[in-house]
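The values are calculated or read from the model by the stated rules, or taken from the named source; none is laboratory data. In this text, all values refer to a predicted model and were calculated from it rather than measured experimentally. Please note: Cβ atoms are built from the backbone with ideal geometry, for glycine as well, and neighbour counts cover all protein chains shown. What goes into the accessible areas is simple: the full protein's heavy atoms, side chains included, and nothing from ligands, DNA or RNA. Shrake-Rupley method; radii C 1.70, N 1.55, O 1.52, S 1.80 Å.
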Amino acid sequence: MKEKIRQMGVFSLVIILTGLVSFPGEAISQNRSLEGQTVVLYTYGGTYLEPVREVVIEPFEKETGAKVVVDDSCCQRLQAAMEAGQFIGDVILGRDQGAYLALGHEGWLVHDERLEKIARDHGSPEQFQSPSMLILHSYSYLMAAKSASIPQPKTWADFFNVKSFPGTRGLVRDTPMVTLEAALLADGVAPDELYPLDADRAFRKLNELKSSTKIIMNASGADQINNLGTGEIDYGITYSNRAFIARNDGIPISFGYNDAFIVGNGGAILKGARNVDGAVAFLEYHMRPEVLVRMAERNGMGPVYEAAAELVDPELRELMPTSAENVKVQHPIDGLYWQENREALHKRWVEWMAQ
């Protein structure tokens with residue numbers, strides 16, 4: 001071991017001592033403290049789970065000796081299970097910060113100071129440091145156009161300007177979050193004065209949009225891309241990770257991060273967890289810079305802290321929500337506001353869509 005350190009030099013020694021990398025074989029022998037233990041992961045399936053299995057679960061199992069059992073039905077049974085006091089998993093993975101705030105408000109998350117320390121030690125933004133969740137990466141709600149050959153909106157005022165940017169609009173069906181903020185910015189509200197949201201003003205602006213062009217409500221990220229790719233939608237609010245994957249797949253949509261809204265996404269420990277230490281270990285492994293970078297290059301979710309974000313392949317970094325340049329031009333979502341007001345605003349949103 002001493003000879004390896006001597007050969008690798010001072011910089012590598014610093015990396016080793018901070019725990020960012022380890023030598024093949026040695027990490028396994030040193031870190032198999034979870035040998036024979038099980039960690040139950042409650043998460044999403046499909047295209048979300050595939051890279052998680054390859055980049056996080058399988059190497060975590062190999063290094064620690066733990067067995068990760070996956071329930072990919074998130075999050076259909078979550079509320080019923082929590083209300084009944086039933087065990088559904090140790091770790092929940094793939095939810096946004098606002099969702100975790102809501103779960104924490106219900107008392108359904110384990111508070112563990114180690115999660116906050118992990119975030120702080122990695123240099124995560126202060127708003128993402130919490131003992132009840134570990135925010136791992138970010139994605140954004142941004143403006144996308146069906147192609148680069150049509151005028152490109154740079155602001156939400158542009159997006160709502162049907163005269164200068166004619167065509168259909170795509171909005172996110174399942175939540176009014178971001179759409180209400182976008183409407184207010186389009187109506188002249190300053191970014192630092194968004195919250196508390198003036199819902200009346202936002203819905204008036206949305207009524208203007210509805211009366212001036214066709215609006216299509218996208219039920220999923222897949223719908224967002226499919227409708228842009230086929231030209232059914234000219235301009236849409238789109239998840240940045242979906243736009244990233246579409247670009248990699250050769251779908252010629254156009255998008256940028258100016259005026260976008262950035263959201264934290266990650267994991268938490270569920271109330272009733274049977275293996276809290278294993279859950280913390282799993283989330284800490286996922287937080288490693290090399291793990292977040294591999295995830296980012298697969299699914300477009302930007303590493304939440306700068307030291308990891310800077311390690312993304314330069315050719316892909318400009319497409320990430322957490323690149324230094326893109327972070328500067330985006331707005332944060334007030335997760336606490338949405339946790340407190342989600343139910344009332346969602347009810348009003350459903351009524352608006354039905355009009």
Exercise for the section: Answer with yes or no whether Pro131 is touching a helix residue (DSSP H, G or I) at 6+ places or on another chain (Cβ under 9 Å) and free of Cβ contacts under 8 Å to residues at least 40 places away in the same chain. Expected result: yes
Handout entry: Test: Gly250 is among the small types (Gly, Ala, Ser), open to solvent by 30 Å² or more (accessible area, probe 1.4 Å), over 27 Å from Leu185 (Cβ atoms) and in contact (Cβ under 8 Å) with a residue 60 or more places away in the chain
Key = no
Exercise for the section: Those residues that are more than 17 Å from Asn299 (Cα to Cα) and in contact (Cβ under 8 Å) with a residue 40 or more places away in the chain, I need them from segment 224-237; list them, please. Expected result: Asn227, Leu228, Gly229, Gly231, Glu232, Ile233, Asp234, Tyr235, Gly236, Ile237
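Picking from Ser138, Ser240, which residue would you name as being crowded, with 18+ Cβ neighbours inside 10 Å, closer than 30 Å to Glu113 by Cα, among the small types (Gly, Ala, Ser) and touching a residue at least 12 places away in the same chain (Cβ under 8 Å)?
Details: Ser240 fails: closer than 30 Å to Glu113 by Cα.
After ruling out the rest, the residue left standing is Ser138.
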Practice task
Taking Ala66 as the residue in question, decide whether it is in contact with a strand residue (DSSP E or B) (Cβ under 9 Å, 6 or more places away or on another chain) and closer than 17 Å to His137 by Cβ.
Solution key: no
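Kindly provide the set of residues from segment 342-355 that are over 14 Å from Asp200 (Cα atoms) and modelled with pLDDT of 95 or more, ordered by number. First the steps, then the outcome.
Applying the first criterion (over 14 Å from Asp200 (Cα atoms)) to segment 342-355 yields 342-343, 350, 353-355.
Answer for segment 342-355, where residues must be over 14 Å from Asp200 (Cα atoms) and modelled with pLDDT of 95 or more: Val350, Met353, Ala354.
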Handout entry: Failed item in (1) of a type in the set (Ser, Thr, Tyr); (2) at pLDDT 95 or above; (3) open to solvent by 40 Å² or more (accessible area, probe 1.4 Å); (4) farther than 23 Å from Pro166 by Cα, with Ser211 passing the rest
Key = (4)
Exercise for the section: Tell me, please, whether a residue that is open to solvent by less than 10 Å² (accessible area, probe 1.4 Å) and modelled with pLDDT under 95 can be found in segment 216-223. Expected result: yes
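I need the full set of residues from segment 252-311 which are of a type in the set (Asp, Glu) and over 15 Å from the mean Cα position of the chain (by Cα), in order please.
If we filter segment 252-311 for residues that are of a type in the set (Asp, Glu), which is where we start, we get 259, 277, 284, 290, 297, 306, 310.
The answer is Asp259, Asp277, Glu284, Glu290, Glu306, Glu310.
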Exercise for the section: For segment 166-191, enumerate the residues that are open to solvent by less than 30 Å² (accessible area, probe 1.4 Å) and free of Cβ contacts under 8 Å to residues at least 24 places away in the same chain. Expected result: Leu184, Val189
Handout entry: Some residue of segment 318-339 being under 27 Å from Val68 (Cβ atoms) and out of contact with any Ser or Thr (no Cβ under 7 Å at 6 or more places or on another chain)
Key = yes
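So which residues in segment 163-183 are over 25 Å from the mean Cα position of the chain (by Cα) and closer than 11 Å to Asp234 by Cα? Working first, answer last.
Going through segment 163-183, the residues over 25 Å from the mean Cα position of the chain (by Cα) turn out to be 163-168.
Within segment 163-183, Phe165, Pro166, Gly167, Thr168 qualify.
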Practice task
Quick one: count up the residues across segment 89-117 that are open to solvent by 10 Å² or more (accessible area, probe 1.4 Å) and more than 19 Å from Leu336 (Cβ to Cβ).
Solution key: 6
Completion exercise
Note on segment 218-249: residues part of a loop (DSSP other than H, G, I, E, B), under 25 Å from the mean Cα position of the chain (by Cα) and not charged (D, E, K, R) are Ala219, Ser220, Ile233
